[in-house]
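Q: Can you keep this structure in mind? I'll have questions shortly.
Read-outs: derived from the displayed coordinates by stated rules, not from any lab. Because the structure is a prediction, the values reported are computed rather than measured. Backbone-built Cβ (ideal geometry, glycine too); neighbour counts: all protein chains shown.
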Amino acid sequence: MDKVILIKYGELSTKKANRSFFINTLYKNICNKLRDYNVHIHKDRARMYIEFQEEDLDSIKSIIDNIFGIHSYHIATIVSSDDSQIQNKLLNLVSSLEFHTFKIETKRSNKSFPIHSQDYNRVLGGLLLKNISSISVDVHHPDLWIKVEIRDKETFIYFNKFDGLGGYPVGTQPGALLMLSGGIDSPVSGYLAMKRGIKLNCVYFEAMPHTSIEARNKVIELSKKLVNYTDSIHLHIVNFTPIQESIYKYCRHDYLITIMRRMMYRIMEKLCIKYNCFAVVNGESIGQVASQTLTSMRVINEVTNIPVIRPLACFDKLEIMEIARKINTYDISIIPYEDCCTVFVPRHPVINPRLDVCLKEEEKFDYESLIDEAISSLNTISINSSLESEFSDLL
């Protein structure tokens, strides 16, 4: 093979003692995502290299674009670290390109190569100026930026740069559970949590027959979008109907949402313990709705000791929508099927709830047995990018 995908780590390079762990996790994630392709992947502390079949390049690029932990990558041509071979290959490659100005940047990690980097820039630049007409050097804003990396045995030549997602490889942090609704915010929150290396599974609260099978399908489709950034997702479906009906029957209506969220957090804590997850992730944005004021968050959070991560806490709605479009969840999220958070919304929900009122209202029904029942009747489906039928029996 005379071409390779050259991956640069970016933020991973800042790690010290844990650097190998982060690189090895990224390596495993890439191997898993490309398991169906004829590739050879090898790595060192500075770079990762993917040898590939030319006909698979576009498909492989579309997969790499969705892998966290990659700062950037290049499609590089490989040539022996021999002066004449480097010059011949570079001239051959550049002659097929259209450009008016260029810059050459040589990096010589092979110190036995007889020409220093700056001197070799001039050698290669002179080669191009001599053999290609109507071109000139521009070191500030070139049409073509040529990179030449001279290693011990091989030299990499490339002109392109493709931006990766950055962040940390999924799996460098322990697992967490995402409260995934059918709305715009929670999928974006899940995406951002995975970008920091968190291995996510999802929890969906449904209240049939008040919510519909179409609402569940929305969440499944959103999970399938998120699984593009990880290996698989377990979607836990909680039957929230008995709890929600009891809240509506026994509790003050202005406190419906507050108490409902407190019940959800109690369930999330038990599920985190059950599945050895370290945190709850949700799509809350400060002040966006009544249950997301700081006062509400404090009262709702009182029921759990599990950390609650809110990646969107300081985002505005337009910023969230922009990311949703980027990750292709927006069009699914705006399909108008109600979830359990919108079915029983009171006309005037309390904005600054009081903890003592919540405790008094919750004494009016046996929520603990209802929570235990909801957890015991949990439905779990597995979703990954290559399976479409895991959840057919739930539809």
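Q: Rounded, prolate or oblate: which one fits the range 245-347, using the alpha carbon gyration tensor with axes a ≥ b ≥ c (rounded when a/c is under 1.5, else prolate when a/b beats b/c, else oblate)?
A: oblate
Q: Is there a quick way to get the dipole size of the chain? I mean about its Cα centre, with the Cβ of Lys and Arg at +1 and of Asp and Glu at -1; what is the value in debye to the nearest 20?
A: Dipole magnitude for the chain comes out near 1340 debye.
Q: If you don't mind, another one. Among LEU235, THR211, SER246, which residue has its Cα positioned farthest towards the positive end of the charge dipole of the range 206-247, with +1 placed on the Cβ of Lys and Arg, -1 on the Cβ of Asp and Glu, and the dipole taken about the Cα centre?
A: Towards the positive end, the residue furthest out is LEU235.
Q: Let me ask something else. With a/c under 1.5 counting as rounded, go ahead and sort the range 76-173 into rounded, prolate or oblate using the C-alpha gyration tensor (a ≥ b ≥ c being the square roots of the eigenvalues; past the cut-off, prolate if a/b is larger than b/c, else oblate).
A: The shape class here is oblate.
Q: Then there is this: Loop only by DSSP, 12 or fewer other Cβ within 10 Å of the Cβ. Give me the GluC sites (Glu not before Pro) in the range 21-104 that pass, ordered by residue number.
A: GLU98
Q: A follow-up question, please. What dipole magnitude, in Debye to the nearest 20, does the range 1-151 give about its Cα centre under +1 on Lys/Arg Cβ and -1 on Asp/Glu Cβ?
A: Dipole of the range 1-151, to the nearest 20 debye: 860 debye.
Q: Still on this structure, I have one more. Past the 24 Å Cα-Cα mark, which pairs from LYS218/LYS274; LYS107/LYS161; LYS15/LYS224?
A: LYS218/LYS274; LYS15/LYS224
Q: What ranking of MET48, MET208, MET194 emerges when the number of other C-beta atoms within 10 Å of each C-beta is taken as an exposure proxy, fewest first?
A: MET208, MET48, MET194
Q: What is the angle, in °, between the Cα long axis of helix 19-33 and the longest principal axis of the Cα atoms in the chain? Nearest 10 is fine, range 0 to 90.
A: Approximately 80 degrees, to the nearest 10.
Q: If you don't mind, another one. About its Cα centre, how strong a charge dipole does the range 173-394 have in debye, to the nearest 20, once Lys and Arg get +1 and Asp and Glu get -1 at the Cβ?
A: Rounded to the nearest 20 debye, it is 560 debye.
Q: Counting helices only, and only those DSSP H runs with n ≥ 4, report the 222 nm mean residue ellipticity of the chain as the sum of -39,500 (n - 2.57) divided by its residues, in deg cm²/dmol to the nearest 500.
A: Rounded to the nearest 500, the figure is -11000 deg cm²/dmol.
Q: At what distance in angstrom do the alpha carbon centres of the range 248-310 and the range 163-195 lie from each other?
A: Centre-to-centre (Cα) distance: 19 Å.
Q: Moving to a separate point now. If the cut-off is a Cα-Cα distance under 17 Å, which lysines reach LYS360, setting aside same-chain residues fewer than 8 apart in sequence?
A: Answer for LYS360, where 17 Å is the Cα cut-off: LYS249, listed by chain and number.
Q: Shape of the chain from its Cα gyration tensor (a ≥ b ≥ c, root eigenvalues): rounded if a/c is under 1.5, otherwise prolate when a/b > b/c, or oblate?
A: Judged from the Cα gyration tensor, the chain comes out prolate (a/c at least 1.5, a/b above b/c).
Q: What angle, in degrees between 0 and 90 and rounded to the nearest 10, separates the Cα long axis of helix 367-376 from the longest principal axis of the Cα atoms of the chain?
A: Taking the Cα atoms of the chain, the angle to 367-376 is about 50 degrees.
Q: Please report the antiparallel percentage of DSSP beta bridges with both residues in the chain, rounded to the nearest 5.
A: Once the DSSP bridges in the chain are tallied, antiparallel ones form about 55 percent.
Q: Karplus couplings for the range 267-281 from phi (6.51 cos²θ - 1.76 cosθ + 1.60, θ = phi - 60°), rounded to Hz, Gly and Pro as x?
A: 5, 4, 4, 5, 5, 4, 5, 4, 9, 6, 9, 9, 7, 9, 10
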